[in-house]
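**Q** Structure in structure tokens, see below.
None of the figures in this text is laboratory data; all of them are computed from the coordinates on show. Worth saying up front: this structure is predicted, and the values here are computed from it rather than measured. Cβ sites come from the backbone with ideal geometry, for glycine too, and all protein chains shown count toward neighbours.
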Amino acid sequence: MFNGVEGLAHVPELRKRIGFTLFMLVVYRVGVQVPCPGIDVMALAELFARAKGTLFGLFNMFSGGALQKFSIFALGIMPYISASIILQLLTVAIPHLEALKKEGQAGQKKISQYTRYLTVAISLVQGLGIAIGLENMTAPNGAHVVLDPGWGFRIMTALTLMTGTVFLMWLGEQITERGIGNGISLIIFAGIVARMPSALVDTFRLVGTGEINLAFLIFLLVVMLGVIAFICFMERAHRRIPIHHARRVVGRRVYGGQTSHLPLKVNTAGVIPPIFASSIMMFPATLANFSQVSWLQNFSSFFAFGTLPYNIVYVSLIIFFAYFYTAITFNPADIADNLKKNGGYIPGIRPGRRTAEYIDAVLSRITLIGAVYVAVICVLPSILISKFNVPFYFGGTALLIVVGVAMDTMGQIESHLITRNYEGLMKGVKLRGRRA
């Protein structure tokens with residue numbers, strides 16, 4: 001690892017890519033501080049102070065605190081992620097999208113174009129809905145959040161938020177093409193990491209006042225390092241299914257006869273299951289926060305964050321969505337057909353339907369392991385806060401995203417270094433073709 005970091009000094013192109021990525025992230029963080037016009041920022045801050053554990057808190061986390069400040073990036077990159085997930089799900093149901101997916105790079109380019117159009121539509125709808133919702137909200141002190149309500153404010157807010165989301169989408173694509181890759185993920189990563197310094201400051205302040213014991217803080221740091229190491233291990237874990245390729249004689253050449261493997265990730269669904277599960281669990285609390293209906297208040301308090309019913313339903317939803325999303329995005333029948341067409345087979349398993357059933361059985365078993373792992377990480381914050389009085393939120397979807405993006409980014413940097421080294425091996429070598 002340290003050798004790779006030292007190698008950055010000898011790769012000018014990689015330094016430029018990293019510098020460009022950091023500059024784009026700085027632009028993003030500056031835009032988070034620019035508020036939308038027509039909003040009482042102080043009243044909105046008081047309103048968000050009581051919105052913890054609701055959908056607003058979840059969206060605020062993904063926007064890097066931009067929603068709480070109601071900046072031009074208040075919607076963040078979530079509309080683009082929602083559009084991508086919707087198109088992924090529609091690929092299974094719409095034959096035209098399924099055909100585009102099988103066309104390779106040209107089809108993927110068309111799907112990306114549809115994703116951008118859908119992102120604009122979702123941003124406009126969400127921006128208009130937020131503007132109408134803010135007009136009916138007041139802070140606990142009675143101050144109105146919107147200074148001058150009306151259609152002028154609604155249209156201006158919807159267009160501003162849509163433009164901010166489109167700019168973030170363009171920013172992520174620029175990081176992917178001209179930076180070190182994973183542009184959309186890095187924007188979410190930067191938004192989550194930007195809130196960590198304040199949590200560290202609050203923790204050290206509590207240690208200074210004696211509210212947190214120093215020994216307990218050291219124990220907590222050891223647990224945090226262990227959890228991060230466990231996430232790194234599980235995100236890289238996969239099951240290898242051996243694949244043999246039959247020999248084919250074409251003329252005087254023999255093709256195939258090789259052995260490879262089909263890697264199946266333990267956590268195939270990634271962070272999608274906890275995002276879906278969190279949205280469902282936070283929806284009643286969001287409604288109860290702005291409603292005085294007694295049964296809704298009782299229902300929300302019964303499923304409050306950290307309670308046993310909340311954790312049971314939350315874990316069940318994560319496991320369900322892990323299987324659901326894996327079934328949508330991974331088709332064992334297509335894998336079996338591709339293996340059969342290319343002359344590949346699994347030792348001891350007949351090609352075709354038997355191969356698809358075998359892959360599906362293996363995938364079902366490892367998906368359960370991955371779902372339980374994600375559920376444990378997502379339930380960890382409620383245990384730390386309720387049982388050990390930890391003053392900050394550690395774990396959950398945010399930690400999975402941060403660790404996963406950090407690992408992917410290091411992999412991108414390593415790929416650039418390896419490519420550079422291969423180019424160095426070939427530098428100065430003249431390859432001559434055969435003469436007739």
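**Q** In Å, what is the Rg of the alpha-carbon atoms in region 196-421, and how long is Dmax?
**A** 23.4, 82
**Q** Compute the relative contact order of region 196-421 as a whole-number percentage, counting only Cα pairs closer than 8 Å that sit 6 or more residues apart in sequence.
**A** Worked out over region 196-421, it gives 22 percent.
**Q** Which FRET efficiency value, to the nearest 0.05, is calculated for TYR117 and PHE20 with the Förster distance at 30 angstrom and r the Cβ-Cβ distance?
**A** E(calc), rounded to 0.05, equals 0.65.
**Q** For each pair in LYS102/LYS265; LYS101/LYS265; LYS101/LYS340; LYS110/LYS340; LYS102/LYS340, compute the distance between the two Cα atoms and list the pairs where it is over 26 Å.
**A** Values: LYS102/LYS265 22 Å; LYS101/LYS265 21 Å; LYS101/LYS340 20 Å; LYS110/LYS340 29 Å; LYS102/LYS340 17 Å.
LYS110/LYS340, as the Cα separations exceed 26 Å there.
**Q** If you put +1 on each Lys and Arg Cβ and -1 on each Asp and Glu Cβ, how big is the dipole of region 196-421 around its Cα centre, in Debye rounded to 20?
**A** Approximately 1380 debye in magnitude.
**Q** Evaluate 2.2 N^0.38 Å with N set to the residue count of region 33-172, then give the Cα radius of gyration divided by it.
**A** Details: Rg = 17.2 Å, N = 140, 2.2 N^0.38 = 14.4 Å.
Dividing the Cα Rg of region 33-172 by 2.2 N^0.38 Å gives 1.20.
**Q** Given points 7 Å out from each Cα along the Cα-Cβ axis, report the MET196 to ASN342 separation in nanometres with one decimal.
**A** According to this spin-label approximation, the distance is 3.8 nm.
**Q** Counting other beta carbons within 10 Å of each Cβ, put TRP151, TRP170 in order, fewest first.
**A** Least crowded to most crowded, the residues run TRP151, TRP170.
**Q** Label ARG239 and ALA93 with points 7 Å out from Cα along Cα→Cβ: what is the distance between them in nm?
**A** Modelled inter-label distance: 2.9 nm.
**Q** Run the reach check for LYS69 against aspartates and glutamates, Cα to Cα strictly under 17 Å, same-chain hits fewer than 8 apart removed. What comes back?
**A** In chain and number order, the partners are ASP40, GLU46, GLU135.
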